Amino acid sequence: MKSKKHLRYFIPLLIIISFSLLVTSGLKIKGVLADKHMDLFTFVSSLSTPQVSVNELQSGQLKPVILVDVRSQKEYDLDRIGNSILIPLNDIESGAAIQKIRDIVQSNTHPDQKMPTIVLYCKVGGDRSFKAYKELEKTGLNFVVLSGGIKGWRQVVPDKNDATVLAPITPLAN
C-alpha cells in the first residue's frame, strides 16, 4: 500500500521533469533556429548537409573551390568573399540558376583537373545556404555550405586579404 502512495507522487513528478526538459531543450533549439534564421524543417535537413569551416577552406582541403553567394544583390554589393559569384536563392529555387552553375563549373574546370567543390554561403551559414544546397544537391555537382557564412569568414579573414587567401584554392580569386 505504501508503494502505491509513492507511485501516486512519482508519476506526476516524472511528467513535470520530462516536460521541463522538453521545454528547455526546445528553447535551445529555438535559439539555434533564430540565430541561423531557419525554420525547423531546414534545421533538420541541415544536420545532414556537408559543411566546411573557414579554416578547412583556407587549408586547401577542398581545392579547387568556387564560392557562390546565395544572398541578395544588395547584400552582395555591400560585402562578398573575393570574386565569389552571386546566385541568389530565389534564382536557385526557381531553377533558373541550375544551368548557370553548370556553365560556371565547366568553364572553370580543366580536363586534367578534378571537379571543383562549390561552396555556398549566405550571411551566417543558415537558412539560405541550406535551402540552396537542398535544391542543388540533385545536380550531381559537389556542394558544401560554409559554416558561419560571410560573417564567420570575416571573423577570420579581413576583406583586404580575400584575394591572397583564395588565390591558392580558387580559379576565380583575382
Got a number for residues in segment 149-174 being in contact with a Phe, Trp or Tyr (Cβ under 7 Å, 6 or more places away or on another chain) and more than 22 Å from S72 (Cα to Cα)? 0
May I ask you to list the residues in segment 107-130 that are out of contact with any Cys (no Cβ under 9 Å at 6 or more places or on another chain) and either on the phi > 0 side of the Ramachandran plot or at pLDDT 90 or above (or both)? P116, T117, I118, V119, L120, Y121, C122, K123, G125
Does segment 133-159 hold any residues that are touching an Asp or Glu at 6+ places or on another chain (Cβ under 8 Å) and buried (at least 17 other Cβ atoms within 10 Å of the Cβ), and which are they? E135, F143, I150
Residue list for segment 69-88, filter: acidic (D, E) and over 18 Å from F143 (Cα atoms): E75, D77, D79
When you go through I101, I150, I118, I92 one by one, which is the residue that is in a helix (DSSP H, G or I), under 11 Å from I66 (Cβ atoms) and not acidic (D, E)? I101
Candidate set from segment 159-173 (those that are over 20 Å from V70 (Cα atoms) and of a type outside the set (A, V, I, L, M)); member that is modelled with the lowest pLDDT: P168
Whichever residue in segment 123-132 is assigned to a helix (DSSP H, G or I) and charged (D, E, K, R) and, among such residues, is surrounded by the fewest Cβ atoms within 10 Å (Cβ to Cβ): D127
Residue satisfying all of: in segment 153-173; outside any helix (DSSP H, G or I) and among the aliphatic types (A, V, I, L, M); farthest from R102 (Cα to Cα) among these: V157
Failed item in (1) in contact with a Phe, Trp or Tyr (Cβ under 6 Å, 6 or more places away or on another chain); (2) hydrophobic (A, V, I, L, M, F, W, C); (3) under 18 Å from A96 (Cα atoms), with L146 passing the rest: (3)
Here is a list: D112, D77. Which entry is surrounded by fewer than 21 Cβ atoms within 10 Å (Cβ to Cβ), out of contact with any helix residue (DSSP H, G or I) (no Cβ under 8 Å at 6 or more places or on another chain), of a type in the set (D, E) and not in a helix (DSSP H, G or I)? D112
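The values are calculated or read from the model by the stated rules, or taken from the named source; none is laboratory data. Everything numeric in this text was worked out from a predicted model, so none of it was measured. Note that each Cβ is placed from the backbone with ideal geometry, even for glycine, and that neighbours are counted across all protein chains shown.
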